[in-house]
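Q: Could you have a look at this structure, given as structure tokens, before my questions?
The values are calculated or read from the model by the stated rules, or taken from the named source; none is laboratory data. In this text the structure is predicted, and so the values were computed from the model without any measurement. All Cβ positions, glycine included, derive from the backbone under ideal geometry; neighbour counts span all protein chains shown. Quick note on the areas: whole protein, heavy atoms, side chains included, nothing else; ligands and nucleic acids left out. Shrake-Rupley method; radii C 1.70, N 1.55, O 1.52, S 1.80 Å.
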Amino acid sequence: MAERAFVRSQDYQGIQLVKRLHKLDSENKQAAEIAAYQGRYEASERLYLDMDRRDLAVQLRVKLGDWFRVVQLLKSGGAGGLLFLIFFSEIHEACLILFDEIEESPI
């Protein structure tokens, strides 16, 4: 039913959401996906963490480019050094872009 509504409204992201939901094996994962689709990322992350699926919470934050939160999640889960190196590199890159934008904008 939801898929038909998304098709009628030509909502491609909604159609993809329904397809992902069909593949998930638990209602909690489905609820987390729906929360993320609605932009309620903190709620989605909390659902993943409550399921003891820190990996999915990290994956969500990686998709969002929220590198600082990724590092926090990895720290609290005892992740290895290579992951930290990768994510600190991403944070560094994001900061460089931000500083370039600040320098270029007129004050």
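Q: Identify all residues within region 65-81 that are modelled with pLDDT of 80 or more, open to solvent by less than 60 Å² (accessible area, probe 1.4 Å) and not hydrophobic (A, V, I, L, M, F, W, C); write none if there are none.
A: Gly65, Asp66
Q: Would you check which residues across region 30-64 are surrounded by fewer than 18 Cβ atoms within 10 Å (Cβ to Cβ), of a type in the set (A, V, I, L, M) and under 25 Å from Leu98 (Cα atoms) and list them?
A: Result: Val62, Leu64.
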